[in-house]
Amino acid sequence: MRFRQLDRIIQLEAGVEITAERTLSGRDSLFLDHFPQFPVLPGVLTLEAMFQACDWLVRETDEFCQSVVLLKEVRSLKFAGFVQPGQTFTVTAHVKKLDDQVATFLARMTVDDRLVASSRLVLERFDLADRYPSRAALDPFLRMRKIEQFRILDPHDPENEPVAPTSFRWMWLDRFTEFVRGQRAEAIKTVSLTDEPLDLYLPGFPVMPCSLILEGLAQTSGTLISELQEFEKSVVLGKVGRAVFHRPALAGDTMTYRTEVADIQPEGAIVRATSHIADRLHAEVELSFAYLDDRLGGIDLIEPADLLRILRLYGLYDVGETDDGGPLDVPQRLLDEEQRLLERIGSVAD
């Protein structure tokens, strides 16, 4: 599975709890974007690792009787630290409630017994025959492939090996379609079969992982908060108050992300965001962002010239407006750093 976040399962008691771990290699391409100056595991991948542990626990408890398990709700996801390349994280999850179609878990991630993240996760499970009848024939195939993936996580299995490095970049929106400084932003992301994380995530039923939908909303929202500070401050996702996913995002779907600033304080900001597919509500979240400048010693998480390149790729300055309706200007600091980079490139070429 190309979006696998766990190396091995250490302990599993069906219907009760699971413990799994992974050693972060640092060879993933996502660290080119998150963050070159301070490489750490993205917060939403701590969520994904906790989800995958819960996924395997509920599948083993149900004896793999249902083909699809998806994240339905995230409650009070708190980030208490970072995971850096070379470190090994441990995920533990306990069953809180187990119903016919919905299961609730308490999950946490630690590094050397130090808490990194914790959350209450709600998962839903179903067969394609029940919700997508035209794909019902894929149910047996999907169950079989998930059993194969589960066996690879057994540390005693000869095929068990660490998670393979991924090659996808950490950009989870396609472009901005609206941006009003300090108020709101809108962006779109189209789910494609060429998106590497879809490969083998749910074989035969290609869906965008909910953690990456959350990241797209966070990138849209984080840009809105960072731009208000002219990208002078290091902004990171600090907490997910609540996230609800109403339906899967399938290959070919275009998600429209809409975010609004709810509150801004000296130490951070709160944003409320939604995702729609066509005119249907797809997801709704509340995100809290924190400023980390004091903890990072003043370094930029991303080189300013690279940041400006990404913002231009996203079309921020094509649609961006100030709060009084004027065009959004590129901060002078970013322009200066871009010019210095161009001068260095020119001197090398000469």
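Somewhere in the range 311-334, is a residue assigned by TED's automatic domain parsing to the domain that holds Glu178, in contact with an Asp or Glu (Cβ under 8 Å, 6 or more places away or on another chain), closer than 21 Å to Phe35 by Cα and part of a strand (DSSP E or B)? No; the residues of the range 311-334 include none that is assigned by TED's automatic domain parsing to the domain that holds Glu178, in contact with an Asp or Glu (Cβ under 8 Å, 6 or more places away or on another chain), closer than 21 Å to Phe35 by Cα and part of a strand (DSSP E or B).
Restricting the search to the range 165-198, which residues are part of a loop (DSSP other than H, G, I, E, B), in contact (Cβ under 8 Å) with a residue 12 or more places away in the chain and more than 16 Å from the chain's Cα centre (by Cα)?
Step one: filter the range 165-198 for residues part of a loop (DSSP other than H, G, I, E, B), giving 165-174, 181-183, 191-195.
After this cut, where a residue has to be in contact (Cβ under 8 Å) with a residue 12 or more places away in the chain as well, the list is 165-174, 181-183, 191-193, 195.
Scanning the range 165-198 gives Pro165, Arg181, Gly182, Gln183, Ser192, Leu193.
Considering only the range 52-62, I want to know if a residue exists there that is of a type outside the set (Gly, Ala, Ser) and not in a helix (DSSP H, G or I). Yes: one or more hits.
Of the residues making up the range 5-32, those that are in a loop (DSSP other than H, G, I, E, B), buried (at least 20 other Cβ atoms within 10 Å of the Cβ) and of a type in the set (D, E, K, R) number 2.
Out of all the residues in the range 150-195, which are farther than 19 Å from Arg4 by Cβ and of a type in the set (Ser, Thr, Tyr)? If you could, list the steps in order and put the result at the bottom.
So the first thing to find is which residues in the range 150-195 are farther than 19 Å from Arg4 by Cβ, and the list is 171, 173-192.
Answer for the range 150-195, where residues must be farther than 19 Å from Arg4 by Cβ and of a type in the set (Ser, Thr, Tyr): Thr177, Thr190, Ser192.
Has the range 338-345 got any residue that is within 24 Å of Ala187 (Cβ to Cβ), touching a residue at least 40 places away in the same chain (Cβ under 8 Å), assigned by TED's automatic domain parsing to the domain that holds Ser234 and in contact with a Leu (Cβ under 9 Å, 6 or more places away or on another chain)? Spell out how you get there, then give the answer.
If we filter the range 338-345 for residues that are within 24 Å of Ala187 (Cβ to Cβ), which is where we start, we get 338.
Then drop every residue that is not touching a residue at least 40 places away in the same chain (Cβ under 8 Å), which leaves none.
So far as the range 338-345 goes, no, none of its residues is within 24 Å of Ala187 (Cβ to Cβ), touching a residue at least 40 places away in the same chain (Cβ under 8 Å), assigned by TED's automatic domain parsing to the domain that holds Ser234 and in contact with a Leu (Cβ under 9 Å, 6 or more places away or on another chain).
Within the range 176-190, one or more residues are hydrophobic (A, V, I, L, M, F, W, C), surrounded by fewer than 22 Cβ atoms within 10 Å (Cβ to Cβ) and at pLDDT 95 or above. Tell me whether the range 206-225 contains one or more residues that are touching a residue at least 40 places away in the same chain (Cβ under 8 Å), touching a Lys or Arg at 6+ places or on another chain (Cβ under 7 Å) and surrounded by fewer than 15 Cβ atoms within 10 Å (Cβ to Cβ). Among the residues of the range 206-225, not one is touching a residue at least 40 places away in the same chain (Cβ under 8 Å), touching a Lys or Arg at 6+ places or on another chain (Cβ under 7 Å) and surrounded by fewer than 15 Cβ atoms within 10 Å (Cβ to Cβ), which makes the answer no. For Gly241, state whether it is closer than 30 Å to Phe141 by Cβ, in contact with a Lys or Arg (Cβ under 9 Å, 6 or more places away or on another chain) and of a type outside the set (Val, Ile, Thr). Considered against the rule, which asks whether it is closer than 30 Å to Phe141 by Cβ, in contact with a Lys or Arg (Cβ under 9 Å, 6 or more places away or on another chain) and of a type outside the set (Val, Ile, Thr), Gly241 comes out as no.
Could you tell me whether the range 173-190 includes any residue that is among the polar types (S, T, N, Q) and under 30 Å from Gln87 (Cα atoms)?
Quick first cut of the range 173-190, residues among the polar types (S, T, N, Q) only: 177, 183, 190.
Narrowing further to those that are under 30 Å from Gln87 (Cα atoms): none.
No, every residue in the range 173-190 fails to be among the polar types (S, T, N, Q) and under 30 Å from Gln87 (Cα atoms).
All conditions in (1) surrounded by fewer than 21 Cβ atoms within 10 Å (Cβ to Cβ); (2) outside any loop (DSSP other than H, G, I, E, B) hold for Cys65, with the sole exception of (2).
For the range 49-60, the criterion of a residue being surrounded by fewer than 19 Cβ atoms within 10 Å (Cβ to Cβ) and either at pLDDT 95 or above or at negative phi (or both) is satisfied by at least one position.
The values are calculated or read from the model by the stated rules, or taken from the named source; none is laboratory data. Model, not experiment: these values are computed from the prediction. All Cβ positions, even for glycine, are placed from backbone atoms using ideal geometry, and neighbour counts span all protein chains on display.
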